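The values are calculated or read from the model by the stated rules, or taken from the named source; none is laboratory data. Fair warning: this is a prediction, and the values are worked out from it, not measured in the lab. Here the Cβ is made from the backbone with ideal geometry for all residues, glycine too, and neighbour counts use every protein chain on show. Just the protein is used for accessible areas: all its heavy atoms, side chains included, with ligands, DNA and RNA removed. Shrake-Rupley method; radii C 1.70, N 1.55, O 1.52, S 1.80 Å.
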Amino acid sequence: MRIRIVDAFTDRPFAGNPAGVLLLDAFPEDDWLQKVALEVNHAETAFAHRLPEGGEADWALRWFTPATEVAMCGHATLATAHVLRTTGAHEGPVRFATRSGVLIASPAGDGAITLDFPTAPLTAVDVPDGVARALGAEPRTAYDTGANVGDLVVELADEQTVRGLAPDHKALAAYSTRGIIATARAEDPSRGYDFVSRGFFPNVGIDEDPVTGSAHTALAPYWSERLGRPDLTGLQASARSGLVRTGLRGDRTLLTGHAVTVIEGDLLF
């Protein structure tokens with residue numbers, strides 16, 4: 001079967017967040033899916049198969065990190081929609097049946113793809129003892145993001161603090177179900193982004209994720225409230241870096257980005 005590596009939330013190769021994508025006839029045993037994800041060894045590998053016509057979704061979609069299956073993944077969904085479009089396997093908007101409900105990916109003429117995801121519910125919480133020490137910076141605020149995302153969002157003093165983080169990943173694992181999203185207002189919005197973030201997810205085997213679409217379902221409502229605008233652009237300031245355009249639409253968040261296929265080959269086993 002064909003396997004592809006796609007860089008998501010970027011319009012150039014070797015940037016953004018790489019994801020493995022496999023289009024299947026049906027889902028094999030979970031053990032096989034997990035072994036493939038470990039072999040690919042990127043933050044996520046997406047597995048999809050076509051569903052019968054006439055249902056609420058067009059394709060079934062699952063996501064695995066090298067360590068576990070996850071309930072939601074933005075960049076691997078974008079990567080899968082990109083593969084469906086570029087291979088001709090599906091034309092127009094595609095509806096994915098997932099553990100987080102039906103998620104829609106809509107292509108645009110310029111090559112961008114917009115994902116329609118549920119907005120994460122934000123609940124203000126006290127900054128847990130030890131988070132500042134594990135991150136290496138003192139959070140201003142902390143918010144729980146609910147079951148689908150499973151992260152703790154913390155706002156830091158400024159963009160340079162976010163960029164300069166060198167956290168203790170093992171220590172961070174104690175403070176959320178999935179991980180920690182550190183964020184701050186952009187130092188200079190004229191550079192093309194409104195806020196920055198970094199995402200650390202040791203509980204699912206990812207010390208730092210290059211660009212996390214699902215995290216932006218929490219970052220979008222957080223920064224839209226503070227900046228007074230529903231449509232924003234976030235920069236995830238990892239070593240690879242990537243831009244996510246967000247559109248807050250009540251209980252739904254739109255995530256827009258590009259993707260590039262960088263590797264295509266045969267999976268032999």
Search result, residues across the range 22-52 that are surrounded by 23 or more Cβ atoms within 10 Å (Cβ to Cβ), in a strand (DSSP E or B) and out of contact with any Leu (no Cβ under 9 Å at 6 or more places or on another chain): E44
Among the candidates V127, V102, single out the residue that is hydrophobic (A, V, I, L, M, F, W, C), closer than 18 Å to M72 by Cβ and either assigned to a strand (DSSP E or B) or touching a residue at least 24 places away in the same chain (Cβ under 8 Å) (or both). V102
Taking the condition of being open to solvent by 30 Å² or more (accessible area, probe 1.4 Å), part of a helix (DSSP H, G or I) and at pLDDT 95 or above, how many residues in the range 130-155 meet it? 1
Checked the range 103-162 for anything closer than 18 Å to R249 by Cα and acidic (D, E); matches are D116
For R95, only one of the following conditions fails: (1) open to solvent by 30 Å² or more (accessible area, probe 1.4 Å); (2) not in a strand (DSSP E or B). What is its number? (2)
Could you count how many residues in the range 156-185 are outside any loop (DSSP other than H, G, I, E, B), open to solvent by 10 Å² or more (accessible area, probe 1.4 Å) and without any contact (Cβ under 8 Å) to a residue 60 or more places away in the chain? 9
So H82 passes all but one of these: (1) in contact with a strand residue (DSSP E or B) (Cβ under 7 Å, 6 or more places away or on another chain); (2) part of a helix (DSSP H, G or I); (3) open to solvent by 40 Å² or more (accessible area, probe 1.4 Å). Which condition number does it fail? (3)
Yes or no: A71 open to solvent by 10 Å² or more (accessible area, probe 1.4 Å) and touching a residue at least 60 places away in the same chain (Cβ under 8 Å)? yes
